[in-house]
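Visitor: Below is a structure I'd like to ask you about.
No lab work stands behind these numbers, since they all come straight from the coordinates. Worth saying up front: this structure is predicted, and the values here are computed from it rather than measured. Counting neighbours? That spans all protein chains shown, and the Cβs are built from the backbone with ideal geometry, glycine included.
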Amino acid sequence: MLDRIFNPESFEKNFSFEIEASLRKPDAEPFMVLLPPPNVTGSLHMGHALCYTIQDIIARYKRLKGYDVLFQPGLDHAGIITQLLVEKNLYENGVEKGSLTREILLKEIWFFKENSGSTILDQMKVLGISCDFARLRFTMDDEGKKAITKMFVDLFNDGLIYRGRRMVSWDPLIGSAVSDLEISEKEVDGNLWYIKYMLADSSGEYITVATTRPETLFGDAAVAVHPDDERYRHLVGKEVLVPLTDRKIRIISDKYANPEKGSGAVKITPAHDFNDYEVGIRNRLPMIEIMNFNGELNENVPEIFQFTDRFAAREKVVDFLNKKELLEKVEKIRQKIPFGDRSDVPLEPMITHQWFVNAEKLAIPAIEAVETGKIKFIPKHWENLYFEWLKNVRPWCISRQIWWGHRIPAWYGPDGQIFVAETFEGAMEKAVGFYGKNKVELTQDEDVLDTWFSSGAWPFVVLGWPKQTDELKRFYSKMIVVTGFDIIFFWIARMIMMGIYCMKEVPFPDVYIHGLVRDDKGRKMSKSRGNVINPLTLCKKYGADAVRYTLASMASPGRDVRLNEQSVENGRNFLTKLWNVVRFAQMNGCVYNKEFNIAKVNNSVAKWIILCVRQLIIDVEKSMDNYRVDEVANHIYHCVWDSFCDWYMEFIKPVLQQSALRDDERQGYDLPLTILKKDIRDTTAWAIIQFLRVLYPICPFIVKKLCGEMGIINTAWPDASAIDLDFSEAVREVEVLKTLISSVRSMKQYLNIPLNEKINIRAESSDKYIENTILKHKETVQRMAGAVLGEISKQTVPIVIDEAVIHMEVGSKINIETELERLTKESDKLNKTREAALLRLANEDFCNKATDDVVEEHKKRVETLGEKIQKIDYIISSLKVV
RNA sequence: GGGCGCAUAGCUCAGCGGUAGAGCACUACGUUGACAUCGUAGUGGUCGUAGGUUCGAUCCCUGCUGCGCCCACCA
């Protein structure tokens, strides 16, 4: 016997899903779920929990439906984050900065990976995520390395990867280029300095230039004014002196200068600003680099400023300008500055040698794949974001100046000649051929590849590419990927581009984009705000199933999830309810009976619940096929709680719980008690088992536990088509009964009659079927509504239910006047609805243009409304007599 | 500046060309054999606003307002 209270801790840890996750079904249709590999440094947060739960539900559903499901787990090496983390640990443990070599650091990171890399995997298991952990892959494992290297070489040979000297966003703290996508703008307080640039002709005339970055003036190559700007037209072509140096630069005319901003004249620093870079190229200006890669000014600035950090230099420059009276004024402004996501320091535009992917070219088929519907986003509007980005995609800088990552397979000859090959030997061969010598000194490129470069190849690398494995053929392009919108650019777009390039085929037909998990006030969860909810804490407190169920029920596509503990508690309450359903079954001897045949059930209530279950299965399948896990959770909730617990169980209690029924109590049932009891027991067990089966994808732990209690092991998916039985009579009967009981209860409540106080009622209907139904179930009516069928003598109130008029004996409780008022109101309301429907039917356009179904429906409605109104009017008139 | 999303009950959200829905909260009553992590009943909404399309609009279209997000720019 189960405990009264459901304690997830007592059984969750007993279940592992590794066997079913690793089970292959070679003859079944393949289906793959591609888990977005978490960072090797990661630990499970609410966002993961949502993302993985949705995937796990899909994977488990597909497994039950008979697919050969491959749920592929992995870990991402996460270049910069991991390196920073391990470096920080080392420094905190006394390692001196600068003493780290590439070899030592890599060794330390591998050590870290081997020891802490499984944290998140263990946490996933707590949540019940059923990936095939035996197939765990790491983006930097040996096969991965080979594959990524090959992909790089292929792209290079096709001219889609090239090396170039370009301006990139540089992170001075990390000492690496960073992706355009890994930049966040922050609004900070800043100044706008108005600086006098004296004309070189010693006339004493000057032009005022406004800048937020005075320290970059050493890199100035020109001052630009707008061609149409009258104020400065006479100065164009003249030379000015760069303040604090003797260098002369020209005043040029370029439409980049905006007369509205600052002074209308802008200093052009081509080597340290993206816009100025363009202006510089357009006007053939020199690119004067004044900064080192660590953010200090270099030897191209006056000695006194050399090797000063950029921010210290700024103050120093302003100070000097002030002293030389070259500063006209200072304005306080709020400005937005790009910060590196990883290091949280302001980034610096720098001209550097980098490797680039020709993303424009790869984007063309990637755009087409979504446009033609080969790939669908769910919800669809995310496709807009995808298009917007890909159609304006810029060259993708894939080199990073760090050590942890896939090293770029390029070697340089003594003269800087590049040799790209999958191995050193391959490069050497090329070099030997190139130089015509036997031996050449080759040095490998120091840089590593952007983490997302390897992530883009994940869908086929995990399947064994470049080897043409059976799995690759079987599962590639048969997968679903579930992820947050924030990595559509980073990951989804790259997987599609790389997939089409390497495999000549899209990797997946469906991309499910889920929302963000926020706190109950709609704020992002963040450590600094202190509103982070830890999924593992919730799992411990409420059970993994409750967390999964809650997330599923809230995962409406395209919407963020506002989570609070209360909602998890509600989820847990539902599972407690289910738990007690099984407890009830146990107490009444309802266990799985494989001989049971639902078609042979001969009891209305049992037939009714069988059809409820059938409808549930149909609804769940439909929702599941649209990935609407929220709907699935709700369907199950309502069927179990509303239909099964609140009605069915109450109906059947006397059959199961009384050792014998008197003859007069037995009238409602068509069979001798022993058979009836067996039928009900079997039906009850059967229905519960179906509930458990459809709930399994969402709540695997408790379902396994309860299946065991119900006497079954396998959790096959139920087949709705096997329940295609004509039980419509029974359904009608039970619906009448339900309506009657509700109506009586409602009326008693309205009249302040306690529910358990017995009252007399008399059914009176033109429809004998209704009367008979009520008569047949009078015991149930009495028990559940406290209403005794019989002759009534005292003051009565007629109530109308859908099909019948019932008279209730209510003694003196009723106030005729208020009752009349209420009924008149109701009658008016119904009349209005009826008139509206009548008007429509009288409208020719409606009859012509509406579909036949709709017209029929309206006719029926008018009819039913008419009947109801008649009944109410009858009641009103009989009340008036009283 | 360009784009996207959202607006439905007190709160969180489903829904949808033809009766306005759920959970929570609230109110009243109840509860000793599945379950107080409970039961029964009830209160509560001109579906943001103004137009348009339609026989009919919460739903489709347009404008507006408010909120959120993305991209670009910012001397």
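Visitor: Can you pull out the GluC sites (Glu not before Pro) in the range A:559-626 that DSSP calls coil and that have at most 12 other Cβ atoms within 10 Å?
Guide: In loop regions of the range A:559-626 (DSSP not H, G, I, E or B), the sparsely surrounded GluC sites (Glu not before Pro) are A:595.
Visitor: Let me ask something else. Which whole-number percent of Cα pairs in the range A:547-658 have a distance greater than 18 Å? Display every interim value, and only then the final one.
Guide: Values: 3718 of 6216 pairs.
In whole percent, the long-distance tail amounts to 60.
Visitor: I'd like the distance separating the alpha-carbon centroids of the range A:88-151 and the range A:626-656, in whole Å.
Guide: The distance from the Cα centre of the range A:88-151 to that of the range A:626-656 comes to 46 Å.
Visitor: Which three extents, in angstrom, do the Cα atoms of chain A have along their principal axes, listed largest first?
Guide: Per principal axis, max minus min of the Cα coordinates gives 119, 67, 58 Å.
Visitor: Mean shadow of the range A:685-785, computed from the convex hull of its alpha carbons, in nm²? Intermediate results must be reported in sequence, preceding the final value.
Guide: Values: hull surface 39.0 nm².
Projected over every direction and averaged, the Cα hull of the range A:685-785 covers 9.7 nm².
Visitor: What do you get for Rg/Rh of the range A:838-881 when both radii come from the Cα atoms and Rh is the Kirkwood radius?
Guide: On the way: Rg = 14.7 Å, Rh = 11.9 Å.
On the Cα set of the range A:838-881, Rg over Rh gives 1.24.
Visitor: List the trypsin sites (Lys or Arg not before Pro) within the range A:441-507 that DSSP assigns to loop and that have no more than 13 neighbouring Cβ atoms inside 10 Å. Numbers along the way, then the final one.
Guide: On the way: sites: A:467, A:473, A:474, A:478, A:494, A:504; in loops: A:467, A:478, A:504.
Passing both the DSSP loop test and the Cβ count: A:467, A:504.
Visitor: Above 23 angstrom, tally the Cα pairs of the range A:215-358 and express them as a % of all pairs, no decimals. The partial results should precede the final answer.
Guide: Working: 4182 of 10296 pairs.
In whole percent, the share of Cα-Cα pairs in the range A:215-358 beyond 23 Å is 41.
Visitor: By DSSP, what percent of the beta bridges with both residues in the range A:277-420 are antiparallel, rounded to the nearest 5?
Guide: Values: 8 of 8 bridges.
That works out to approximately 100 percent antiparallel.
Visitor: Suppose each label sits 7 Å from its Cα in the direction of the beta carbon; what would the residue A:599-residue A:364 distance come out to in nanometres?
Guide: For residue A:599 paired with residue A:364, the spin-label model returns 6.1 nm.
Visitor: Check cross-link reach from residue A:255 to the lysines: straight Cα distance under 20 Å, and skip same-chain residues fewer than eight apart.
Guide: Reachable lysines: A:238, A:267.
Visitor: Now, a different point. Along each of its three principal axes, how wide is the spread of alpha-carbon positions in the range A:217-293, in whole angstrom units, largest first?
Guide: Reported extents, whole Å, longest axis first: 39, 25, 22.
Visitor: With runs of 4+ DSSP H residues as the only contributors, calculate the mean residue ellipticity of chain A at 222 nm using -39,500 (n - 2.57) per run, divided by the residue total and rounded to the nearest 500. Don't skip to the answer; put the middle values down first.
Guide: Numbers: 30 runs with 383 residues, N = 882.
Rounded to the nearest 500, the figure is -13500 deg cm²/dmol.
Visitor: Using only alpha-carbon positions, what ratio does the radius of gyration of the range A:71-131 give when scaled by 2.2 N^0.38 Å? Could the numbers behind the result be given before it?
Guide: Details: Rg = 14.4 Å, N = 61, 2.2 N^0.38 = 10.5 Å.
The range A:71-131 yields a ratio of 1.37.
Visitor: For the range A:1-151, how big is Rg over Rh, using alpha carbon atoms and the Kirkwood form of Rh?
Guide: Working: Rg = 19.1 Å, Rh = 17.8 Å.
Result for the range A:1-151 is an Rg/Rh of 1.07.
Visitor: For the range A:244-327, just the Cα atoms, rotate onto the principal axes and tell me the three extents in Å, largest first.
Guide: That works out to 34, 30, 22 Å along the principal axes.
Visitor: For the range A:211-287, which trypsin sites (Lys or Arg not before Pro) are in a loop by DSSP, counting at most 14 other Cβ atoms within 10 Å? Working shown, then result.
Guide: Working: sites: A:231, A:233, A:238, A:247, A:248, A:250, A:255, A:261, A:267, A:282, A:284; in loops: A:238, A:247, A:255, A:261, A:284.
Taking the range A:211-287 and a limit of 14 other Cβ atoms within 10 Å, the loop trypsin sites (Lys or Arg not before Pro) found are A:255, A:261, A:284.
Visitor: Something else: Over 16 Å apart: what share of the alpha carbon pairs of the range A:100-177 falls there, rounded to a whole percent? It would help to have the intermediate numbers written out before the result.
Guide: Values: 2209 of 3003 pairs.
Within the range A:100-177, distances greater than 16 Å cover 74 percent of Cα pairs.
Visitor: Straight distance only, please: which aspartates and glutamates reach the Cα of residue A:541 with their own Cα at less than 13 Å, same-chain residues fewer than 8 apart left out?
Guide: Partners found: A:9, A:12, A:565, A:569.
Visitor: Relative contact order, percent, of chain A when contacts are C-alpha pairs under 8 Å separated by at least 6 residues?
Guide: Details: 1464 pairs, mean separation 103.3, N = 882.
That works out to 12 percent.
Visitor: Now, a different point. If you average the C-alpha positions of the range A:265-284 and of the range A:525-577 separately, how far apart do those two centres end up, in angstrom?
Guide: 52
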